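Colleague: I'd like to ask you about the structure that follows.
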Amino acid sequence: MDDKKFSKDSRQIKLDPDSPNYRVCPACKKPHMVYNKGRDYCSNKCYQDFYNATHRVVKSSRHI
Ligand SMILES: [Zn+2]
């Protein structure tokens, strides 16, 4: 294991696709690790962008 490059930045979380905490952000498709249940987004911005996009679709569908 080469952990040296990860210990340089403690905020960098190593991606592990086998981990139950591994997620792919629904908004930007970026793989990342989460330690907060129910949180699939890599950032608040992605959460807002995805929510807003979804909300727009729901809103427009109500027009039909
Ligand atoms: Zn994202």
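The values are calculated or read from the model by the stated rules, or taken from the named source; none is laboratory data. Since we're looking at a predicted model, the values are computed, not measured. A quick note on method: Cβ atoms are made from the backbone with ideal geometry, for glycine too, and the neighbour counts reach across all protein chains shown.
Colleague: Taking only region 18-30 into account, find how many residues are within 11 Å of the ligand (Cβ to nearest atom) and surrounded by fewer than 12 Cβ atoms within 10 Å (Cβ to Cβ). Explain how you work it out, then say what you get.
Modeller: Residues of region 18-30 that are within 11 Å of the ligand (Cβ to nearest atom), as a first pass: 23-30.
This time we only want the ones that are surrounded by fewer than 12 Cβ atoms within 10 Å (Cβ to Cβ), so: 29.
Residues that pass the stated criteria total 1.
Colleague: Additional query: State all residues of region 36-50 that are more than 8 Å from the ligand (Cβ to nearest atom) and within 19 Å of Lys14 (Cβ to Cβ); if no residue qualifies, say none.
Modeller: Selection gives Asn36, Arg39, Asp40.
Colleague: Moving on to the next point. If Phe6 satisfies all but one of (1) surrounded by 12 or more Cβ atoms within 10 Å (Cβ to Cβ); (2) modelled with pLDDT of 90 or more, what's the number of the condition it fails?
Modeller: The number of the failed condition is (2).
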